[in-house]
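Just below is one structure, and these are the notes that go with it.
The values are calculated or read from the model by the stated rules, or taken from the named source; none is laboratory data. Computed from a predicted structure; not experimentally measured. Positions of Cβ are generated from backbone atoms using ideal geometry, with glycine treated the same way; all protein chains shown enter the neighbour counts.
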Amino acid sequence: MKALWPIVAALVVGLAAGGYAYHAARQKSEQHYALSALVDKATGEIKGALAGAPGSAELLRAQAALERLRAMDSSRHRAFADAVERYLISAHTIVRERGEAARLSRAAAADREALAAQLAARRSDAWFADTMAIKKRLEQEHFDLAHAYQALDQVLGSLGDDTRALAEFVPRSALVGEAQREDARRQARDDAGRAAQALEQARKSIEPR
């Protein structure tokens, strides 16, 4: 019987090692799946934001994805998780700044119309003060709009690094494509240029003639 003890001990150790290896492999697979799912959702959020005007609901979803990642056990995929976090942060920023740009663009357009109507109105004692109030509001909106476009341009630039880092872990098809990213960046710059021109025209419209 004593001769069997080493064999039994070896079997127990082997079974324990095998069980641990199975658990580790399963845990690694589950974490990879969960991280990949977050990447898929973030890609959808980015594409949706670039195609439209995201609001508070989209921003909350982007924030919730970051919170899920940070609460997740990703100990088996630290490098993957770090790359996912950068991608999710970029997604959150894109959703936020794209939404801000859309909101501010609408507000600025409305105030440019209000300024034009004010300039066409009959002068009165309150006319100058009202005109300056509209101009001040318009200047602030355009300042914030320029900042939103600049932030959008910057994050779209860094998104290229994020996708390259993730390409090691997920298929390229699961990520925002390079062409779409560059198109969106050019669009942000073009929109910023048009907004600056519109502001300059509004400024000139109130210059003394």
Could you say whether any residue in the range 114-130 is at pLDDT 95 or above and in contact with an Asp or Glu (Cβ under 7 Å, 6 or more places away or on another chain)? no
When restricted to Ser105, Ser90, the only residue part of a helix (DSSP H, G or I), hydroxyl-bearing (Ser, Thr, Tyr), modelled with pLDDT of 95 or more and under 23 Å from Glu67 (Cβ atoms) is Ser90
Picking from Val176, Val95, Val84, Val170, the residue that is in contact with a Pro (Cβ under 9 Å, 6 or more places away or on another chain) and either of a type in the set (D, E, K, R) or buried (at least 20 other Cβ atoms within 10 Å of the Cβ) (or both) would be Val95
- Task: Test Ala165 against the stated conditions and say whether it is assigned to a helix (DSSP H, G or I) and in contact with an Asp or Glu (Cβ under 9 Å, 6 or more places away or on another chain).
- Result: yes
Flagged in the range 168-183 as over 14 Å from Leu88 (Cβ atoms), of a type outside the set (Ser, Thr, Tyr) and in a helix (DSSP H, G or I), in numbering order, are Arg172, Glu178, Ala179, Gln180, Arg181, Glu182, Asp183
Pairs returned, first residue in the range 37-59 that is over 18 Å from Ala167 (Cα atoms), second residue that is outside any helix (DSSP H, G or I), beta-carbon separation under 7 angstrom, 6 or more apart or interchain, are Gly48/Pro54
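Yes/no matrix, rows are residues, columns are (1) surrounded by fewer than 17 Cβ atoms within 10 Å (Cβ to Cβ); (2) within 21 Å of the chain's Cα centre (by Cα):
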{"position": "Glu100", "(1), (2)": "no, yes"}
{"position": "Leu104", "(1), (2)": "no, yes"}
{"position": "Ala108", "(1), (2)": "no, no"}
{"position": "Ala121", "(1), (2)": "yes, no"}
{"position": "Thr131", "(1), (2)": "no, no"}
{"position": "Asp144", "(1), (2)": "yes, yes"}
Note: among Ser36, Ser75, Ser29, just one is surrounded by fewer than 20 Cβ atoms within 10 Å (Cβ to Cβ) and either outside any helix (DSSP H, G or I) or at positive phi (or both), namely Ser75
